[in-house]
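Worksheet: the structure to be examined is printed underneath.
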Amino acid sequence: MRIAPLTCAIGAELHDVRLGDAVRDDGLFQEIYAALLKYKVLFLRDQTLDKLSRQEHMAFAQRLGPLETHPMVPSHPEAPGLVQIYKSPESPNDRYENAWHTDGTWREAPALGCVLRCIECPEVGGDTMWANMALAYEKLPDTVKAQIEGLRANHSFHSSFAAAMPEEKRQAMRAQYPDSEHPVVRTHPETGEKVLFVNGFTTHFVNFHTKDRVRVGQDYNQVGGALLQYLISQATIPEYQVRWRWTPHSVAIWDNRATQHYAVMDYPPCHRKMERAGIVGTKPY
């Protein structure tokens, strides 16, 4: 296997490897996983269904941990746990993509990572971008690092993709998936890196309003809100990013604990079919 870094900050492409082989080859799996921890997102081309079946797709992801379900996106009928992110020209209202985000931070235990394969995509457009949030934390000014030390934040999907739901369904989803609270800076459980852990699901700080930060009245709303938006904006800095142009049967594997990603919705109404295996993570600390 040959590893080719794609940027100085994040991402590498794996060559001369069949991902399905890593299901059975412990040495190959460990080599891929070490590369994942180093580069944070890995890419492969030409992982066709005859080289990587849906069952192998799931089995590789399950070597990382149990698969998680998605509350609103169905799984493939032949592979429960393999989520179908299918867009079509017949569903023009289903073309909402996303802000910069880390998968599932609205859960108490967000995903460890994901293995995503493109089945069908437009010839041009529909790229996905990833950002290195460990580097984003590292590059913060020391004054900001001191300011956010010990801060915690609320995460919710009710103001994002659940907002378009009918109220009754939205309230039922809120009861099933209440908001979660996470540290603003988490520690990666394997690399020990500090990671800036706020994103498009983050709504507000939960412990900012203290005597040493707030003068009077609503001051905490303005200062805390401005600080949160500044932190969320760090994912948009190009020097922290990699951008991947999809082709049919290409694959991305990412460490959800140290990255954010953004699916670019710049393509005309067409078919864009992606299949994703998300891996259950642990509670951030």
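Distance from the Cα centroid of the stretch 107-169 to that of the stretch 8-81 is 20 Å (rounded to whole angstrom). Of the residues Pro166, Cys270, Cys118, the one whose Cα sits farthest towards the positive end of the charge dipole of the chain is Pro166 (charges of +1 on Lys and Arg Cβ, -1 on Asp and Glu Cβ, taken about the Cα centre). Helices in the chain, meaning DSSP H runs of at least 4 residues, each add -39500 (n - 2.57). Divided by all residues, the mean residue ellipticity at 222 nm is -6500 deg cm²/dmol. In terms of its C-alpha gyration tensor, the stretch 130-285 comes out oblate, because a/c is 1.5 or above while a/b does not outweigh b/c. Think of the stretch 171-235 as having a plus end and a minus end, set by charges on the Cβ of Lys, Arg, Asp and Glu; of His209, Tyr177, Gly192, His209 sits farthest toward the positive end of this dipole. The antiparallel fraction among DSSP beta bridges confined to the chain stands at about 95%. Under 5 Å from the amide H of Gly200 lie the amide H atoms of His101, Thr102, each residue being 5 or more positions distant or on a separate chain, with H modelled from the backbone and absent for Pro and chain starts. The dipole here belongs to the stretch 92-212: it is taken about the Cα centre, uses +1 on the Cβ of Lys and Arg and -1 on the Cβ of Asp and Glu, and is about 300 debye.
Once a ≥ b ≥ c are taken as the square roots of the eigenvalues of the Cα gyration tensor of the stretch 49-119, is the result rounded (a/c under 1.5), prolate (a/b larger than b/c) or oblate (a/b not larger than b/c)? It is oblate, given that a/c is not under 1.5 and a/b is not larger than b/c. Here the chain is assigned +1 on the Cβ of each Lys and Arg and -1 on the Cβ of each Asp and Glu. Its dipole about the Cα centre then comes out at about 440 debye. Projecting the Cα positions of Pro80, Gly65, Ala226 onto the charge dipole of the chain (unit charges on Cβ atoms of Lys, Arg, Asp and Glu, taken about the Cα centre) puts Ala226 furthest along the positive direction. Mind pulling the angle between the C-alpha long axis of helix 167-176 and the longest principal axis of the chain? Nearest 10 degrees, somewhere in 0 to 90. So the inclination is approximately 90 degrees.
In degrees, nearest 10, range 0 to 90: what is the angle between the Cα axis of helix 26-39 and the longest Cα principal axis of the chain? Computed tilt is about 40 degrees. Here's the list of lysines a cross-link from Lys145 could span, going by alpha-carbon distance under 16 Å and ignoring same-chain residues fewer than 8 apart: Lys194. Which shape class applies to the chain: rounded if a/c is under 1.5, otherwise prolate when a/b exceeds b/c and oblate if not, where a ≥ b ≥ c are the square roots of the Cα gyration tensor eigenvalues? Since a/c reaches 1.5 and a/b is larger than b/c, the shape of the chain is classed as prolate. Simple point charges give the picture: +1 on the Cβ of Lys and Arg, -1 on the Cβ of Asp and Glu, and for the stretch 153-285 a dipole about the Cα centre of about 120 debye.
Taking the three principal axes of the alpha carbon atoms in the stretch 140-189, the coordinate ranges are 45, 21, 15 Å, sorted in descending order. Considering only alpha-carbon pairs that sit under 8 angstrom and 6 or more positions apart, the relative contact order computed for the chain is 36 percent.
Values quoted throughout were computed directly from the atomic coordinates according to the rules given, and no laboratory measurement underlies them. Since the model is a prediction, treat every value here as computed from it, not as a measurement. Neighbour counts are summed over all protein chains in view; Cβ atoms, including those assigned to glycine, are modelled from backbone coordinates with ideal geometry.
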